[in-house]
Every structure is written in C-alpha cells, then in structure tokens.
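Heads up: the structure comes next, in structure tokens.
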Amino acid sequence: MPFNTLPVRRRLLIAACAFGLSAPATAGPNPAAEAQTLDILKRAIAFRTVAGPGNQTPQFAAYLKEQLVAGGFAAEDVTITPVDDTAYLIARYRGSDPTLKPLLLSGHMDVVEAKPADWQRDPFTPVIENGYIYGRGATDMKFDDALMAASLIDLKRQHFTPKRDVVLILSGDEETIMKTTQMLAAQFPDAYMLLNGDGGGGNLGEDGKPAYYALEGAEKAYGDYTLTFTNPGGHSSAPRKENAIYEMAAALTRIGNHQFTPQLNDITKAYFTAAADRAAPKTAAAMRAFAADPTDKQAIAALSADPAHVGRIGTTCVATMLAGGHALNALPQRATANINCRIFPGTSFQQVQDELVRVADDPRMQIHFIDTGTTASPASPMRADVTAAVKEGLAFGYKGVPIIPSMASGASDSMWFRVRGVPSYGVAPIFIKDSDDFSHGLNERTQLSNIVPGVAYWKVLIRRLSS
Ligand SMILES: [Zn+2]
C-alpha cells in the first residue's frame, strides 16, 4: 500500500499454531512449497527494494526469475523490464487455451523506506523470533510475493495445467509513484480478473482466533485539493473587510459542515450486511437500515457519527493543513488549506472538486488538485466464483471464518486495473492481529504460521479461477 493510505489488511496469524524456525517444511500438505516460501521470503527481505539510490528491486526481480525458471517456467515466459531505478516482472504460466483472457496475480516488490537506526533489528536482515519473521516487507508485501511464487512453482511441480494463462505481475514502485503498475495495467487491459496479494486478508482477535476475512473488491480514491485565498494585504493597524484568513475560515467552515451524498455499492452493501452480525445492536441496526436504503436519515446519522464507518458510506473530505499570513503586524496576503478527500468508487476527482467549489461558495477561492499519481476507480462486482474460491481456499486453516466484502480506504495496484474494467480483488491469505500490524512502520513482522495455510489457499485460488 502506498504511503498515503491506511493499511486495510489486518493481517493476523493463528498464534496457537506457531511453529519453529525450520518446521514449516513438514507442517502442512505442501511441504516443498512451504519450505520454498520461507526461503524466498528470507531472501526477499534482504533485498533493499526502496525507491532511490541503491534500489535493489531489479536484483530481487532477477532472483525471483531464477526461482521461477528453476521451478519450471520457460525462461522466455519470465521477463523483467527495468524502469528508472526499479523494474517490473511478468511471469506467464501457460494455460491450455491461449484464446482465453489471462488470470493475473498481482503484487509489488518494493517496500517503504526503513531506517536501521530506528529499528530494534536490522530491517533488511530477516530475523525469526518466536514464530515471527521480522523485516521490512515481512507484511507489506514480500510474504505474499513469496507465497504466490512458491505456490505457482508447486503447481508446476504437480504438472497442473490451467485452462487460461495465469500471469504473475510484480510491480516495482507501488509504494511511491506506481509508474510500473500503470505500465503493467496497459499491457493487460482486458485481463479476465486480477487477484491482488496486496489487499484483503484475515483478522485475528487478540486471543489469536480468526475473527473474519476481508475480501476487498473496491477502494476509495485519494485526492488532495489546495484552497487558496489571496488579498492585497496592508498594515494591520488599518484592517479592511477583505481578509484572506477570514475568507478561508468561512469557506472551511462551510466545507466542514458539508456531507457528501451517501452512497452504496455491491461491496459496501455486502459489507454492512455481514458486519451487522458482529456489531453492537445499535450500530447493527444502522448498518442493516443503510444497506436496505442508503437515504435512511437515521442510519446515515448513526454511521456518520462513527469514525470507523463514516468512510464507508460515501466520499469524505477533511481539512488537514492550514497556512496564512506573513507577519504578525500585516494583513494576510494569502491563506491556503489542504483538503484531503477519500473518494467513493465511481466518483471522479473533478466531481469532488466541483462540489468543494460549490460548497465553499466564494468565487474568490482558488482550488488546485494535487496530482499524486493515483486514480479514481469503480468498484468490482461481487462474484460468486471469487467468494467460493476464497471460502474453499480458507478451509485448510480457517474453516468457517466469515468472509466480509470490503472497500479499502486507499489505493493499491488494483485501481489501475479496475479503471480499465478488469475486475480486481484483494485476496491476501495472511491473518494478522491489529496489534501486530506494522506495515510501513517499525519492526514490521508476520507470523510464519501463515505459510502453511497460505500456500494451500493460493493453490486453490489459482486452480479454481484459472479454469
Ligand atoms: Zn503493499
């Protein structure tokens, strides 16, 4: 996930079945793939795949290619394309019917910067302690890279032939500018479906028991808008009616009081319906009422009042930064504010901008959209075959865990495919406790007990959705 989003995955592990450092090879039904996952994961963490000088993403890609080719992929079916200081990888697992659209498995090889001085262990040395693997990328998302690669190799080992091509695509700058993602999306504009290992995921309660699985089928877009008021200024001993700070304050007050029209889609409707079963009675009633009728005023009021839910019922915009004036004793010549918006799928950046202008209701205000390289994207349809495959995939380690459709609060590689009409789903198999989620943070770690059910899961998903 890029820097500008909240981690949506809550990846948790099953604490009860933590195994030792070298145990995974014998712990599950796919011993060779489980051992290889751990090998790849350890090597992966050691590549410093951080944007900028010394970026080792190309080396990591070369290492993965080596593994895939040794595992049965034709050398010409695994390509690495250098882009600036990074690279992207495409590995094609050929199916029996080349006329079918390909199934994409997506991930990213880059990680967020990590300063060794701030970490308790070196972020680029894989460290295994108490059943956890520590290191930058242990959660976001080298664990899933390793699982996907090892699972594909295991399917080759078992001589599995899919009907459609299965293509592993790994981007190299998801955490920053997503240039490689956009290049990948341009190459697969009419893919059958994209399964993203960098979204969705399971939640473990603090007691270590699996609570639910979030299947991500949509994401909100991220947009920043700069508002500016300018004035001639002057001496503060001679105030005049025009004042950039007062004008800004009034506009911000109007924006702060505004609520964007609540919206509901396939994904959020299914989310509220499923989440209501786990919510407190009052919230549950509001969720059910909103799912039935997104214009229900009482339900909207109840969900809007809760920061955990307000983002799920529509676009939100909030002031996050403010600056104005240039001297204690001068009338302000300029006031600026940043409005940060999380935009509901299907709404464009321009529509949000138009609404901000209308609500601010002051023609003197200038507004400027900050292009951070993201895009707005539609929600993917909820598909029975995807839900069924996920359910079957989870059966090995997490039988019966509720599957809750979810909308991510921010951007992943999927958006560049959704915007081209490729149905895209965040389907990571990693279960994690909220208290263990250190994506982008210090001492990032994931429980190794995710390997065994993770391999079993990916193999089921790939088999089911490629035929
Ligand atoms: Zn990520």
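No lab work stands behind these numbers, since they all come straight from the coordinates. From a predicted model like this one, the values you see are computed outputs, not experimental measurements. Backbone-built Cβ (ideal geometry, glycine too); neighbour counts: all protein chains shown.
Quick notes
- Between residue 322 and residue 306, the simple spin-label model (points 7 angstrom out along Cα→Cβ) gives 3.0 nm.
- Taking each of 115/179; 220/433; 65/156; 65/142; 282/391; 142/209 in turn, the alpha-carbon distance tops 19 angstrom for 115/179; 220/433; 282/391; 142/209.
- Rounded, prolate or oblate (a/c below 1.5 giving rounded, otherwise prolate when a/b exceeds b/c) for the stretch 167-208 by Cα gyration tensor: oblate
- Point-charge dipole on Cβ atoms (K/R +1, D/E -1) for the chain, about Cα centre, debye to 20: 720
- Simple rule: put +1 on each Lys or Arg Cβ and -1 on each Asp or Glu Cβ in the chain, find the dipole, and look at 196, 458, 167; the Cα lying farthest toward the positive end is 458.
- For the chain, the direction-averaged projected area of the alpha-carbon convex hull comes to 24.0 nm².
- Longest segment of the chain lacking GluC sites (Glu not before Pro) that sit in a DSSP loop with at most 15 other Cβ atoms within 10 Å: 207-467
- Antiparallel DSSP beta bridges within the stretch 81-222, as percent of all bridges there, nearest 5: 60
- Here r is the Cβ-Cβ distance between residue 83 and residue 295 and R0 is 41 Å; the resulting FRET efficiency, rounded to 0.05, is 0.35.
- FRET E, pair residue 254, residue 32, Förster distance 51 Å, beta-carbon r, rounded to 0.05: 0.25
- Gyration tensor verdict on the stretch 350-424 (Cα atoms; rounded if a/c is under 1.5, prolate if a/b is larger than b/c, oblate otherwise): prolate
- Trypsin sites (Lys or Arg not before Pro) lying in DSSP loop within the stretch 164-265, provided at most 13 other Cβ fall within 10 Å: 240, 241
- Alpha-carbon centroid distance for the pair the stretch 286-321 / the stretch 43-119, whole angstrom: 39
- Prolate/oblate/rounded label for the stretch 400-467 (Cα gyration tensor, a/c 1.5): oblate
- Straight-distance candidates among the aspartates and glutamates for linking to residue 269, with alpha-carbon spacing under 17 Å and chain neighbours fewer than 8 residues away dropped: 216, 219, 277, 293, 296.
- Beta bridge orientation in the chain: antiparallel %, DSSP, nearest 5: 70
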